[in-house]
Structures are given as structure tokens and as C-alpha cells.
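Comments concern the structure below.
The values are calculated or read from the model by the stated rules, or taken from the named source; none is laboratory data. This structure is a prediction, so every number in the text was calculated from the model and none was measured. Because the Cβ atoms are built from the backbone with ideal geometry, glycine has one as well, and the counts that use them run over all protein chains shown.
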Amino acid sequence: MAEQQSKEMSYERLGEKKLTLIDAVAQSVGAMGPVFSAAFVIPAVIGANAAAKGAGVAAPLAVLVAAVGVFALGWIVAQYAKRIQAAGALYDYVSNGLGNTIGAVAGWLYYGGTIMLTVGLGVLIGGYVHDIMLPTLGFDSGLLPIWLWDAIWGVALFCVLYFGVQISTRVQLILAAISVLAVLAFFIKVIADVGGENDLATTFNPSSSPDGWSGIFFGVLYGVLIFVGFETAANLAEETAEPERHIPRAVLFSIVAVSLFYLIATYATVAGFGFDLDAIFAANDAGPVLFGLSDPSLFGSDLIAKVIVVVVFFDILAVGVGVGVTSARGVFAMARDRRLPGSMARVSRYGTPVGAILTVVALQAVWIVASEASDTFLQLGELPHYFSIFIWNATFGGFALLVVYLLMSLGAIRGLSDDPAKVQLTVAVLLGVAITGLGIFGSFYKVTSPLLIAPWAAVIWGVLGLAYMLVVKGREPASQVLPDLHAEGGHDV
């Protein structure tokens, strides 16, 4: 008994369990970034993508299909969250189903992906403030250079992550709530202004897609990406009261709520441009389609256009905090298991993973310096440099997360084999494999260099992780050793 207690005490611990269901929901919704996705990703579902194929005006149907598949993934996460309440989340889930080595590789890939998203957003924020928000609001964009805005964000991110996890979740809650409610109100205005020209039936008719069901499924390829981050509430399990209840509910509620937002957003987009694909694509070429809709010549005004630009910025910040929280807790969990250097598992007096936070913020600084040092660093065509870096990082990160979703789905066959809901498990696994397989396919199909390098870089990162984990065995995972981090059921491997 004393030996077991000594063993348990050697594992680092995060702060007390004080987060609520609302905090967990804020984490998942914030990480998904619904407003940002509505502005920048939904056009890809319609057909503005590398493959030049999509669902067309039937994009809402593609979003609905993607939402069903993602809900299946969410169901798997929810079942795991009832029995594993550790900060490692998907890293522990894959370990439970496919073994500790594959699980460690999944963690390496997953948190490598979330860090890439974090630092990519850190570079985008400065450019967005400098080139878009300040000029729109009538301020001098030369007030500060882009790199200094990036640096300010880096300091702010450290403070939000360091001084308590509840600060992080409440910041996300405020930013996401303001941005989602404001943009939702605008989309409802667009639909109301369209009036008698509304045609909901057309947008859910597969024949409305230029390529029928083929186009719908191409829309789904990109539709999956707008939900990336839905599972991140699970990373807060160690710091959440009653995590076996609150985390599953937060994940599933977030998917449903954001799905409804995306359906309204997608319909408003196609209806707002008169169900005319050429008009949508022309608007996308000029900038984010959401900005086009808010132009005074369509459904906006000068005030509405300014509000939209600001609330998109709020949502970018919410995503930045969300993926930062996820990255820090994932690095902490793997370091605690000694799959990464133990110094990264150091905890502050606020109960936050300061070693992991410093690692993430240091990588953010490296990315800022690299983006300033070279105009060709991850440059994609004629896009602004900061946006090129973000797109490249997001492609790497999105692909990495999709691969881990796939591994989690396959591992659930064994990891959740004792779950009494056999039919639901079978359906969830099949849908999870199908939806992630489509997303992975979309990461390569007709994508050209240099963007094509991003998913291949993620593959190489995964291979390096496999080689590393075969050498660095670590120790028994905390999720299996610490009694409060797991419930009965599952497989210890």
C-alpha cells in the first residue's frame, strides 16, 4: 500500500477540480472557432478549394453529413471520457485501444498538430490586426509592426494560460459567445432580407450539387475540418468537477450546437448570394465570403462590416486560447508519463502546467521570428505571408488531428469492447472511420506544392514520433496509475 502511494505521489498533478460544464463547453466551442470557420472554411465546402469541387448550393447538406460523422466521433470520445479523466485525452484513449506505444505516437502527432495550430494562429493574429481590423476601424495600421502585434499576443497567451485554467475557459466563453451571437444575428438578418427568394429545399437536394452525391462528399471532405477541436474539452477532465458526466455532455452538446450554427451559416451564405456559385466564388476571391455578405452593397452597412471584422477577431483569439490550452495539457500529460522530458510536466502554484506552457510559448516565439526573418518561409502563392503561414500550419494540424481521430475510432473496437451499447459502438466506429478517411483523402487530393508539403510533413513528424517512442518507453501512464483518473472498464496495456 505504501509503495503504491509513493508511486502515485511521483506523478505531477494539475490544479483542483473546479471547472464546470460551461467551462468544458467553452473549451470545445472555442477550439472549433465557428465564426472563423464560417468566414474562411465554409467556402471550401461549397467548392472554393484545391480540388475545385464541392457541394455547391447543397453545402448545407454536406455540412449535415459531416456533422453526423463528427457526432459519431464525439460519441466515442464521450464513452472514453466516462472511464478516463486524464489531461492526455485522445493520447490516453488511443493508448487504451491500440497500446501504449501507438498511443504515444498518437499523442506526439495530435499535440504536434495542436501546437502547429497554436503558433500558426499566433502569426495570423498580428497580420489580421495590422492589415484588416485597424484599417476597417479607421486606425493607422502603421501604429505597430505585425511582429509586435504577434509578440503582444504571445505574452497575452502566456498570461491567460498561466494564471489559472478557469481564466482560459472564461476568456474563451466571452469571446466565443460575443462572436457567435453577433454573427448568428447577422445570418438571420441575411435570411430574412432574402425573403421570398429563400429556397431551403434546394440546399438539401443532392441534385443541386454540380456533381450530385460526388460533389456532396467532396463538400464533406472539407466539412469535417470545421469541426476540428470538438474533443478538446476532454483535455480539461483532470480539472473538471464530475468529469465523467460533464466532459461527455460538453463534447456532444458542443457538436450539436455548432452544427446548428454551421447549417444556418452555410444556408445564409448560399442564399445571400442568390444561390449563384459564380457570385460566391467571385466574393471568395476578393476576401472572406462573410466580409462580402456584410458589405453595404449586399446585406450590411458600414457599422455591420466593422462589427463583423471585430467579432471574427474575437473568435480567432478564442481559437488561439483553445488550442493553446489543449497543447499545454497534452504536452504536460506526455511529459508526466516521461514520453517527453519531465521538465515539461512542471506545475505552477496556480495548478497550471507551466513547463508545457513555456514550451508552447517558446515555439510561438520561434515561429514569429522565422516569419519575420524570411518572406519565403512557408509562403503560398500571392497570399499575405502571415496568412500563408497560418494555412500551412492549419493544414498540418488538421491532417494530424484527423489521423488521430481515425486511430481512436479503430482503437475503440478494443478499448470500448465491453460497452453494452454494441450497436451504437459499431455504427460510431464505422462512421468515424469513414468521415476521417474522407478528410484525410481531401488533404491530398489535387493539392499542389507547397501546400501539399504540409500533410506530408505531418506524416514525417508521425514517423519520427514512432522512432522516438520505440526508444523512449516512458513509464506507466498516469491515467492507469492514478485512481482518480480512471474508472472501471477499458484495457490496461
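Please name all residue pairs, on different chains or six or more residues apart, with Cβ atoms under 7 Å, provided the first residue is in the range 251-262 and is assigned to a helix (DSSP H, G or I) and the second residue is acidic (Asp, Glu). Taking only residues 6 or more apart or on different chains, the pairs are VAL251/GLU231. Considering the range 447-472, and only residues there that are over 21 Å from PHE390 (Cβ atoms) and not aliphatic (A, V, I, L, M), the residue that is nearest to the chain's Cα centre (by Cα) turns out to be GLY462. Scanning the range 38-61 for residues that are part of a loop (DSSP other than H, G, I, E, B) and either closer than 14 Å to PHE227 by Cα or among the polar types (S, T, N, Q) (or both) yields VAL41, ASN49.
Contact map, the range 75-103: residues that are over 13 Å from LEU406 (Cα atoms) paired with residues that are surrounded by fewer than 24 Cβ atoms within 10 Å (Cβ to Cβ) and of a type in the set (Val, Ile, Thr), Cβ distance under 6 Å, separation 6+ or inter-chain. Pairs shown: GLY99/VAL493; ASN100/VAL493. When we screen GLN27, GLN79 for residues that are surrounded by fewer than 24 Cβ atoms within 10 Å (Cβ to Cβ) and modelled with pLDDT of 95 or more, the only hit is GLN79. Within the range 263-287, the set of residues being under 24 Å from THR202 (Cβ atoms) and in a loop (DSSP other than H, G, I, E, B) comprises PHE273, GLY274, PHE275, ASP276. Of the residues examined, LEU383 is one that is more than 16 Å from VAL77 (Cβ to Cβ) and either among the aliphatic types (A, V, I, L, M) or buried (at least 16 other Cβ atoms within 10 Å of the Cβ) (or both). Sort through ALA31, ALA55 and tell me the only one that's small (Gly, Ala, Ser) and more than 26 Å from GLY164 (Cβ to Cβ). The unique qualifying residue is ALA55.
Please find, within the range 423-457, the residue that is nearest to VAL65 (Cα to Cα) out of those that are in contact (Cβ under 8 Å) with a residue 40 or more places away in the chain and in a loop (DSSP other than H, G, I, E, B). Filtering the range 423-457 for residues that are in contact (Cβ under 8 Å) with a residue 40 or more places away in the chain and in a loop (DSSP other than H, G, I, E, B), the one nearest to VAL65 (Cα to Cα) comes out as SER443.
Looking only at residues of the range 270-299 that are within 23 Å of PRO384 (Cβ to Cβ) and in contact with a Leu (Cβ under 9 Å, 6 or more places away or on another chain), we find that the one that is modelled with the highest pLDDT is GLY292. I'm checking my understanding of the structure. Among residues of the range 368-388 that are in a helix (DSSP H, G or I) and of a type outside the set (A, V, I, L, M, F, W, C), which one is nearest to ALA50 (Cα to Cα)? Among them, the one singled out is SER388.
For (1) surrounded by fewer than 21 Cβ atoms within 10 Å (Cβ to Cβ); (2) at pLDDT below 95, each residue gets a yes or a no:
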residue	(1), (2)
TRP153	no, no
VAL190	no, no
GLY219	no, yes
GLU231	no, no
ILE247	no, no
LEU252	yes, no
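For GLY215, the conditions (1) of a type outside the set (A, V, I, L, M, F, W, C); (2) assigned to a loop (DSSP other than H, G, I, E, B); (3) crowded, with 17+ Cβ neighbours inside 10 Å are fulfilled apart from (2). In a helix (DSSP H, G or I), touching a residue at least 12 places away in the same chain (Cβ under 8 Å) and of a type in the set (Phe, Trp, Tyr): is that true of TRP153 in this structure? It is true that TRP153 is in a helix (DSSP H, G or I), touching a residue at least 12 places away in the same chain (Cβ under 8 Å) and of a type in the set (Phe, Trp, Tyr).
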